[in-house]
């Protein structure tokens with residue numbers, strides 16, 4: 001398995017868990033913890049280049065600093081959809097990334 005595939009699998013598990021956690025935290029009124037999880041998700045998404053997910057997580061993070069509102073449900077749904085779209089985009093790009101990165105005869109050994 002290639003490095004990109006391994007990184008993506010970790011992203012999918014970690015970010016997916018965070019997206020699910022957010023809904024539970026908001027439902028139980030744990031807004032400060034939801035804000036922390038949103039912040040972590042924002043950074044992870046940005047690192048992966050999932051800019052729409054990073055933006056959705058940033059909006060959720062800001063919302064968690066305010067009083068609960070009906071907007072929370074919409075923001076969480078946006079984050080969930082952005083996560084699904086990020087996964088789809090990455091999965092579509094993986095075959096191209098899995099090819100050899102080195103000209104024939106070269107390898108990554110010694111790097």
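The values are calculated or read from the model by the stated rules, or taken from the named source; none is laboratory data. As the structure is a computational prediction, the values presented were derived from the model and not from experiment. Positions of Cβ are backbone-derived with ideal geometry, glycine not excepted, and every protein chain shown enters the neighbour counts.
Considering only residues that are in contact (Cβ under 8 Å) with a residue 24 or more places away in the chain and in a helix (DSSP H, G or I), which ones fall in segment 20-32?
22, 23, 26, 31, 32
Select from segment 67-79 the residues that are crowded, with 17+ Cβ neighbours inside 10 Å and more than 13 Å from residue 34 (Cβ to Cβ) and list them in ascending order.
78
Within segment 33-56, how many residues turn out to be in contact with a helix residue (DSSP H, G or I) (Cβ under 7 Å, 6 or more places away or on another chain) and in contact (Cβ under 8 Å) with a residue 24 or more places away in the chain?
Counting residues in segment 33-56 that are in contact with a helix residue (DSSP H, G or I) (Cβ under 7 Å, 6 or more places away or on another chain) and in contact (Cβ under 8 Å) with a residue 24 or more places away in the chain gives 11.
Yes/no matrix, rows are residues, columns are (1) modelled with pLDDT under 95; (2) assigned to a helix (DSSP H, G or I); (3) touching a strand residue (DSSP E or B) at 6+ places or on another chain (Cβ under 8 Å):
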position: 47; (1), (2), (3): yes, yes, no
position: 55; (1), (2), (3): no, yes, no
position: 58; (1), (2), (3): no, yes, no
position: 62; (1), (2), (3): no, yes, no
position: 69; (1), (2), (3): yes, no, no
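I want to confirm something. Restricting to segment 3-19 and keeping residues that are surrounded by 13 or more Cβ atoms within 10 Å (Cβ to Cβ) and at pLDDT below 95, which single residue is farthest from residue 93 (Cα to Cα)?
7
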